[in-house]
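In what follows, a single structure is set out as C-alpha cells and then discussed.
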Amino acid sequence: MLVNLCKDHSLVSNWISEIRDVTVQEDRMRFRRNLERIGEVAAYEISKTLPSIRKDVQTPLGVASHQVLQSQPVLATILRAGLPLHQGLLNYFDKADNAFISAYRKHHKDGTFEISLEYVSCPDLNNRVLIIADPMLATGASLVKTIHELEAQGKPSAVHLVVAIACTTGIEHVQRLAPHAHIWCGDIDEELTAKSYIVPGLGDAGDLAFGAKLQQ
Ligand code: URA
C-alpha cells in the first residue's frame with residue numbers, strides 16, 4: 001500500500017510546503033516541529049489499520065465500550081534525520097517500544113556511496129507491528145537495508161514506513177525488495193540527482209534539523 005498524505009488539500013500539504021521552503025528552513029525548530037506534525041498525522045492514519053479489541057471502561061456514570069489498540073507497535077528510526085518524525089509517531093503511540101538504527105552514506109572517491117549500518121538497538125519484533133521513520137525516501141537503499149536488518153531481529157506482523165518526501169525511484173526500489181512494507185509519505189517527487197538527492201525535495205533533512213556535519 002502506498003499513501004500520499006499530501007493528496008487532497010490538507011494541513012500536511014501546508015507543512016510539506018514549509019519544510020521545502022528555503023526561507024522557512026532557516027527556522028530549525030519549525031523544520032523539526034513540522035516533521036513531528038507529519039509523524040503525528042501518519043500515526044493517526046496508520047492507527048486506523050491496526051488490530052483493535054473492544055474494551056469496556058467504567059466512567060463515573062456507567063460503562064462505555066470502545067475499540068482500542070490490541071497491542072503497541074514498535075517505532076524504529078534511522079539516526080539522525082529520522083528523530084523528529086519518530087517523535088511525532090511517539091507523541092501519538094505514546095506507549096510504544098522503540099528501535100534505533102544508524103545508517104549513513106559512506107562516500108567513495110569516485111562519487112559513489114554505500115549504506116553503512118553501524119548501530120542497532122531493537123526489541124524482539126516477532127508478531128509486532130513495526131513502523132520505521134525516515135524523512136527522505138531517495139534511492140530506497142537505506143530503508144531496504146534497515147528493513148532487512150530489523151527483520152533479522154524477529155518477524156513483524158506488519159511493516160509501515162513513514163517518510164516526509166518520497167522519490168518514485170525509491171518507492172519502486174522498496175516495492176521490489178520489500179513488497180510487504182506499507183509506505184506512508186508526505187509527498188512524492190519524481191527526480192533524483194546524480195548524488196541521490198530528491199528534486200525538488202528539501203535538501204539534507206538531517207542538516208536542516210540538527211546542523212551541518214563533517215562529510216564521512
Ligand atoms: N536525504 C536527504 O536528506 N535529502 C535527500 O534529498 C535525499 C536523502
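Couple of notes before you dig in:
- With Cα atoms, 0 to 90° folded angle of helix 11-20 axis to the chain main axis: 20
- Across the options Leu137, Ser121, Pro156, the greatest Cα extent toward the positive end of the charge dipole of the stretch 115-177 (unit charges at beta carbon of Lys, Arg, Asp, Glu) belongs to Pro156.
- Percent carbon-and-sulfur accessible area, the chain, ignoring ligands, DNA and RNA, probe 1.4 Å: 52
- Our coupling estimate for the stretch 115-124, obtained by passing each phi through the Karplus curve with A = 6.51, B = -1.76, C = 1.60 and θ = phi - 60°, is 8, 10, 9, 10, 10, 10, 10, 8, x, 4 Hz, Gly and Pro reported as x.
- Packing-based order for 19-25, 168-174, 75-81, 113-119, using average beta carbon neighbours within 10 Å, highest first: 75-81, 168-174, 19-25, 113-119
- Peptide ranges 94-105, 53-64 listed from the most packed, as the mean C-beta count within 10 angstrom indicates: 94-105, 53-64
- Rel. contact order, % - alpha carbon contacts under 8 angstrom, at least six apart, the chain: 21
- The residues of the chain have, on average, 52 Å² of accessible surface per residue, using a 1.4 Å probe with all protein chains present.
- Relative contact order (%) - the stretch 168-213, alpha-carbon pairs under 8 angstrom, separation at least six: 25
- Between 0 and 90°, nearest 10: helix 141-151 axis offset from the chain longest Cα axis: 40
- Cross-link table Lys7/Lys48; Lys7/Lys109; Lys95/Lys213; Lys48/Lys145; Lys55/Lys155, entries beyond 29 Å C-alpha to C-alpha: Lys7/Lys109; Lys95/Lys213
- In the stretch 1-92, Cα pairs under 8 Å separated by at least six residues give a relative contact order of 28 percent.
- Test item: Cα-centred dipole of the stretch 114-214, Lys/Arg +1 and Asp/Glu -1 on Cβ, debye: 260
- Long-range amide H partners of Leu161 with built H, under 5 Å: Ile132, His182, Ile183, Trp184
- Ranking by accessible area, most exposed first, for Met136, Met1 with a 1.4 Å probe: Met1, Met136
- Each Lys and Arg contributes +1 and each Asp and Glu -1, all at the Cβ; summed about the Cα centre of the chain, the dipole is approximately 380 debye.
- The alpha-carbon positions of the stretch 52-181 define a convex hull whose volume is 123 Å³ per residue.
- Between the stretch 121-168 and the stretch 1-18, the alpha-carbon center distance in angstrom: 21
- Among Leu69, Val41, His86 - extreme Cα towards positive end, dipole of the chain, charges at beta-carbon: Leu69
The values are calculated or read from the model by the stated rules, or taken from the named source; none is laboratory data. Predicted model only: the values in this text are computed from it and were never measured. Ideal geometry is used to build each Cβ from the backbone, glycine not excepted, and the neighbour counts take in all protein chains shown. Just the protein is used for accessible areas: all its heavy atoms, side chains included, with ligands, DNA and RNA removed. Shrake-Rupley method; radii C 1.70, N 1.55, O 1.52, S 1.80 Å.
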